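Everything below concerns the one structure shown next.
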Amino acid sequence: MAQDTAVPKLNFEYWLDKAIEWGQATTLESQKDVCLHLPQLQEFLHQLYETIKHLSSTIAVQQFPLIGQLLGRLCWNPFVIGYDESQKTLMWCLCCLYSSEPQNAVELKANSWIRSLLCHLLCSPKWESNEAETSTFISALGYTSEDYYCHLVKNMVVSLVTELRENQFNGLNIQESTSASRVNAVSIFCVPLITLPDLTPLLETLLLYHGGSSKEILSSEFLEAVNEAFLKKKIFLPESAVFSLWLRHLPSLEKATLHLLDQLFSVQLNSLEEVARVIKDSLLPQAASYPAIFRIINEIFKNALMETDGTSEVVTIIQVFTQLFLQAYLNEHKQHKFPLKAYFPYHHQPLVRGLIRRPFELPSTRWSQHLKHISDMVKALVEDRNVSSLTGLFEIWFLVACFGEWLDIAAEQLMKAAVEPDAVLWLLAFYYCPKHENQQRTQTMVEAEAVYNHLMMLFSCADLSLKDLEAAVHRVAGVEQCCNQHLITHLLTSFLLFSPGGHKLAQEFIYNITEKTDTIKEVHNLLIRTAYRFNQSGEKNERTVKLLNELLQKLTLKV
């Protein structure tokens, strides 16, 4: 074995020693040790299979002389064969050792042994003489072997669930410490069987179980395994059980949130309806009704924003999540609802209340007044010397970003001349350039106003040309290097969507301004947010909706 380079990498001797040490896992200590090593063992078995699947059975045995002893011992360990895909991987490994054309008595005997192990793994006792009595007993009860073991598991689960629930309702008792130890042991024993459908009631009961101890009584291995199986959709649990899992095990909540972000980053965001479906299916917006969960998810979102330099894709995901959280929060019964301050404990509460109002909750005639109110509050906070630090500014900016629906409304209202431009332009300038000092923000306002005023001159122009719009952009010297380039892109996109002349030039102009990948993504996100808002509010502007769909189809090919 020493001369083979693949063997040491597989830690073959280590796992063989473990298999011998475990036996058939008849003691409590060996059972606990098996459960704690199951994920690593499954990975080892997968690596072993990947190593031998291209080898002939003869060469495989030559390279791993003790492979038969290892696999044979593992096949008789009930905890190993009950864990996730270990049983299947063991069967694959055994198949690799099977000689299709046995050349001698040794290979014939090895094939017979492999057949008996495969039948054992498939729960068919007829190949094993020492199981004959068990098989006869099962038949006498009127069950097939499969039915018998299925009923056995169900009865075990019912028994444990009943015991745990009775103990939960009994409250404090003198056997509390023993009870906690027993519950911990049960959670460990569940690890290899988590994906078994019949075990779901027990998983739910354990997750909802809270003894008198202030410490966590469920094993962390159990909590991690349940979370992993849930995220991979190998098990389905009631919402209450999932929420309890995340409340009692922070690493699982963090992993679930990062898993959601990975899911959304790996797919093209062609519609926010699809994004909303993925987010809602994760159960995280519903779980965020618990303030502790909401605040942790928000912290993860903040880190994601900082790591990606605040890309529009991440901001859009956060905004959709916030909207779904609000839906879940507003649907909560009043007696179960937490106050808003529990979710935003360090923010200016009037601003929170202003941002949390959904646009469709107000008549469109009141949007102008509401936006000015929001802008005035944000400006007062930003100019307050007590929050002049970058941390304080970021917290204000992040709160505004979470409710970015109002920013899109602001740009739309500006183009319709339905709002006081100074206040709304200031709000947009702060959003796109939050780090600016007062003097810099004043300069940004001057530049933004120059573009805005020029666009308003063109708003009702009957013979609008591409050069006219380009002139609006070039009103600001060096706009390509200016930080408010994003603000101007937002204003231009809104102009194209909501002005009569803009409709005619939209496709041609957007094609010209999206030569840069970042700008393509930015405009694409603005458009899908607008389309989503229209769908949510039941917007009837058919002309604008049609234009949105046409632009999205073209941009999707370039994103």
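The values are calculated or read from the model by the stated rules, or taken from the named source; none is laboratory data. These figures come from a predicted structure and were not determined experimentally. Cβ atoms come from the backbone with ideal geometry, glycine included; neighbour counts cover every protein chain shown. Please note that ligands, DNA and RNA were not included when accessible areas were found on the heavy atoms of the full protein model with its side chains. Shrake-Rupley method; radii C 1.70, N 1.55, O 1.52, S 1.80 Å.
Could we say that residue 425 is touching a residue at least 60 places away in the same chain (Cβ under 8 Å) and assigned by the TED database to the domain that holds residue 509 here?
Judged against the criteria, residue 425 is not a match.
Output the number of residues of the range 46-70 satisfying the condition of being within 18 Å of residue 13 (Cβ to Cβ) and not in a helix (DSSP H, G or I).
Qualifying residue count for the region: 3.
A quick yes/no check of all residues on (1) more than 19 Å from the chain's Cα centre (by Cα); (2) assigned by the TED database to the domain that holds residue 372; (3) surrounded by fewer than 21 Cβ atoms within 10 Å (Cβ to Cβ):
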site: 321; (1), (2), (3): no, no, no
site: 324; (1), (2), (3): no, no, yes
site: 327; (1), (2), (3): no, no, yes
site: 330; (1), (2), (3): yes, no, yes
site: 337; (1), (2), (3): yes, no, yes
site: 341; (1), (2), (3): yes, no, yes
site: 350; (1), (2), (3): yes, no, yes
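Would you tally the residues in the range 47-62 being surrounded by 15 or more Cβ atoms within 10 Å (Cβ to Cβ) and at pLDDT below 90?
7
Restricting attention to the range 79-115, report how many residues are under 30 Å from residue 198 (Cα atoms) and open to solvent by less than 20 Å² (accessible area, probe 1.4 Å).
Here the count works out to 7.
Would you mention how many residues in the range 352-370 are open to solvent by 80 Å² or more (accessible area, probe 1.4 Å) and touching a helix residue (DSSP H, G or I) at 6+ places or on another chain (Cβ under 6 Å)?
So the count comes out to 1.
Regarding residue 215, is this residue free of Cβ contacts under 8 Å to residues at least 40 places away in the same chain and either assigned by the TED database to the domain that holds residue 535 or at positive phi (or both)?
Criteria not met by residue 215.
Restricting attention to the range 204-219, does a residue exist that is open to solvent by less than 50 Å² (accessible area, probe 1.4 Å), under 27 Å from residue 83 (Cβ atoms) and among the acidic types (Asp, Glu)?
yes
Helices (runs of 4 or more DSSP H) wholly in the range 403-502 with at least 3 residues that are open to solvent by 10 Å² or more (accessible area, probe 1.4 Å), among the charged types (D, E, K, R) and modelled with pLDDT under 85 - which ones?
In the range 403-502, 466-473 are the helices (runs of 4 or more DSSP H) which contain 3 or more residues that are open to solvent by 10 Å² or more (accessible area, probe 1.4 Å), among the charged types (D, E, K, R) and modelled with pLDDT under 85.
Taking residue 193, is it closer than 27 Å to residue 87 by Cβ and modelled with pLDDT of 85 or more?
No: the conditions fail for residue 193.
What number goes with the only condition from (1) over 30 Å from residue 525 (Cβ atoms); (2) among the hydroxyl-bearing types (Ser, Thr, Tyr); (3) assigned to a helix (DSSP H, G or I) that residue 213 does not pass?
Condition not satisfied by residue 213: (3).
What are the residues in the range 295-319 that are open to solvent by 50 Å² or more (accessible area, probe 1.4 Å), farther than 22 Å from residue 341 by Cα and touching a Phe, Trp or Tyr at 6+ places or on another chain (Cβ under 9 Å), if any?
Once the filter is applied, which keeps residues that are open to solvent by 50 Å² or more (accessible area, probe 1.4 Å), farther than 22 Å from residue 341 by Cα and touching a Phe, Trp or Tyr at 6+ places or on another chain (Cβ under 9 Å), the range 295-319 yields only 306.
Which one of the conditions (1) more than 16 Å from the chain's Cα centre (by Cα); (2) farther than 22 Å from residue 227 by Cα; (3) touching a residue at least 24 places away in the same chain (Cβ under 8 Å); (4) surrounded by fewer than 18 Cβ atoms within 10 Å (Cβ to Cβ) does residue 292 fail to meet, given that it meets all the rest?
(2)
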